[in-house]
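**Student:** Input: one structure, supplied below.
The values are calculated or read from the model by the stated rules, or taken from the named source; none is laboratory data. For clarity, every value in this text was computed on a predicted model and none was experimentally measured. We place every Cβ from the backbone using ideal geometry, glycine too, and count neighbours over all the protein chains shown. Just the protein is used for accessible areas: all its heavy atoms, side chains included, with ligands, DNA and RNA removed. Shrake-Rupley method; radii C 1.70, N 1.55, O 1.52, S 1.80 Å.
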Amino acid sequence: MKKKSAVVCGVLLGAGLSTRFCSEKLLHPFMGMPLFSWALQAAINSKLSEILFVGRQEILQHLPSVPRLRGVCNLEPDIGQSHSMKLGLRHIP
């Protein structure tokens, strides 16, 4: 009998409003890539079965096309991180 492999999903939170940063923090260049790309690349290079990126539309449009990556739009980012996490958890298959 073939052993089933575990399904592990990752949820990346990127819906913050960057109010203290004075510009769009996740798109700010850092060592040649937008800041959010560093965490995203680590997730893509991992063995995660699926990656959910919860963010605002302005960020989601910058997501690369990767088969196991899905963007989840947070239309109410001012509610806080727990709202983003709940949105991500609702989209786990």
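**Student:** Restricting the search to the range 1-22, which residues are farther than 17 Å from Arg68 by Cβ and modelled with pLDDT under 85?
**Tutor:** Met1, Lys2, Lys3, Lys4, Thr19, Cys22
**Student:** Quick check on the range 32-49: of everything there that is out of contact with any helix residue (DSSP H, G or I) (no Cβ under 7 Å at 6 or more places or on another chain) and closer than 17 Å to Ser84 by Cα, which residue is most open to solvent (accessible area, probe 1.4 Å)?
**Tutor:** Ala39
**Student:** Count, please, the residues in the range 54-74 that happen to be in contact (Cβ under 8 Å) with a residue 40 or more places away in the chain and either more than 9 Å from the chain's Cα centre (by Cα) or open to solvent by 10 Å² or more (accessible area, probe 1.4 Å) (or both).
**Tutor:** Of the residues in the range 54-74, 3 are in contact (Cβ under 8 Å) with a residue 40 or more places away in the chain and either more than 9 Å from the chain's Cα centre (by Cα) or open to solvent by 10 Å² or more (accessible area, probe 1.4 Å) (or both).
**Student:** Could you look through the range 1-31, keep only residues that are closer than 26 Å to Leu89 by Cβ and among the charged types (D, E, K, R), and pick out the one that is least open to solvent (accessible area, probe 1.4 Å)?
**Tutor:** Taking the candidates together, the pick is Glu24.
**Student:** Please go through (1) within 27 Å of Ala6 (Cα to Cα); (2) open to solvent by less than 90 Å² (accessible area, probe 1.4 Å); (3) modelled with pLDDT of 95 or more; (4) not hydroxyl-bearing (Ser, Thr, Tyr) for Leu89 and return the number of the only condition it doesn't satisfy.
**Tutor:** Unmet for Leu89, out of (1) within 27 Å of Ala6 (Cα to Cα); (2) open to solvent by less than 90 Å² (accessible area, probe 1.4 Å); (3) modelled with pLDDT of 95 or more; (4) not hydroxyl-bearing (Ser, Thr, Tyr): (2).
**Student:** Looking at (1) open to solvent by less than 90 Å² (accessible area, probe 1.4 Å); (2) modelled with pLDDT of 95 or more; (3) out of contact with any Leu (no Cβ under 8 Å at 6 or more places or on another chain), which is the only condition Gly80 fails?
**Tutor:** (2)
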